[in-house]
Each structure stands twice: as structure tokens, then as C-alpha cells.
Amino acid sequence: MKKKKKYSYNRKYIKYDEFLGKLNIISFIPEDIELIIGSPSVRRSFFDYEIAQADPEYYLYLKNVSKLVKFRNKYLKDRNSKDPMFEIYNLEFIKYTSLVVKKRIEYIKNVSRLLSLNYRKLFDGEKELTLRYKS
């Protein structure tokens, strides 16, 4: 059985989405190279976590997408795509997925700008660094 993580703030247990943004840490470990050479899912997970730290509402969007994917898959598996509820789940899925993508694009744009600025300072403007989002 998977052990559930517990989050506390000021000695009170709180939910994960309440914990987001409370603890800001920057770290770099050898496994972080996976962000560059790893699969897209590794990068998505990393950025999802980072964005949720800066914008806890984003985490709620991700939770909704995850739930809606499960509902949609169940309807598709049961071949109930003609059911009116399937259309409702589909519309909600599109809504939350587009919000997630919008937040990712905004975040990458901001991070890219800061990275580029600092990278140019570090290399006296000789080198260029860009970060872009591909969906």
C-alpha cells in the first residue's frame, strides 16, 4: 500500500493544494539532467510542479483534467460516447486542458525571458538561450 504524504504548515496538517507556494526552494541534483535528455512526461511533471508552486489554482486545473480523463476513458471503454454526459465531460476536459496549456505557455514565456537575460549576462552576450513550449 502506498503511504500517503502529509503536509504541515505552522504545525497544522493541510492539503497539498493549500501547501503549494508555502515553501520556495531552488535545488539542482544530478537527476535534473533528465529535464533535458528525459522524456516529455518528465519535463511536464517538473513544470507542472513549478507552475503549481507559483499558482496554486493551476494545481486544481490539473486535478480536474486528471479526473475528467478517467471519466472520459470509462465512457469510451463502456462505449457510451453517445451518452449526453460524455459530451459534458468532453467540454469540461477541453476547458481545463486549455487552461493548463495557457498557464504552461505563460510560465515558459516568463521563465524563458529571465533565463535568456541571465544567460546573456553570464556569457557577456556571446551566447543565447531560449526555452519554448511544444504541445
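Determine which single condition SER112 fails, assuming it passes every other condition in (1) assigned to a loop (DSSP other than H, G, I, E, B); (2) among the small types (Gly, Ala, Ser); (3) farther than 28 Å from SER8 by Cα.
(1)
Restricting the search to segment 110-135, which residues are touching a Phe, Trp or Tyr at 6+ places or on another chain (Cβ under 8 Å), touching a residue at least 12 places away in the same chain (Cβ under 8 Å) and either within 21 Å of ALA52 (Cβ to Cβ) or exposed (fewer than 11 other Cβ atoms within 10 Å of the Cβ) (or both)?
Within segment 110-135, GLU128 is the sole residue that qualifies.
Let's see how each residue does on (1) more than 21 Å from ILE105 (Cα to Cα); (2) at pLDDT 90 or above; (3) among the polar types (S, T, N, Q); (4) surrounded by fewer than 14 Cβ atoms within 10 Å (Cβ to Cβ):
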| residue | (1), (2), (3), (4) |
| --- | --- |
| MET1 | yes, no, no, yes |
| LYS67 | yes, yes, no, no |
| ARG72 | yes, no, no, no |
| PHE86 | yes, no, no, no |
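Restricting attention to segment 64-88, and to residues there that are of a type in the set (Lys, Arg), free of Cβ contacts under 8 Å to residues at least 12 places away in the same chain and part of a helix (DSSP H, G or I), which single residue is nearest to LYS102 (Cα to Cα)?
Filtering segment 64-88 for residues that are of a type in the set (Lys, Arg), free of Cβ contacts under 8 Å to residues at least 12 places away in the same chain and part of a helix (DSSP H, G or I), the one nearest to LYS102 (Cα to Cα) comes out as LYS67.
The values are calculated or read from the model by the stated rules, or taken from the named source; none is laboratory data. In this text, all values refer to a predicted model and were calculated from it rather than measured experimentally. Backbone-built Cβ (ideal geometry, glycine too); neighbour counts: all protein chains shown.
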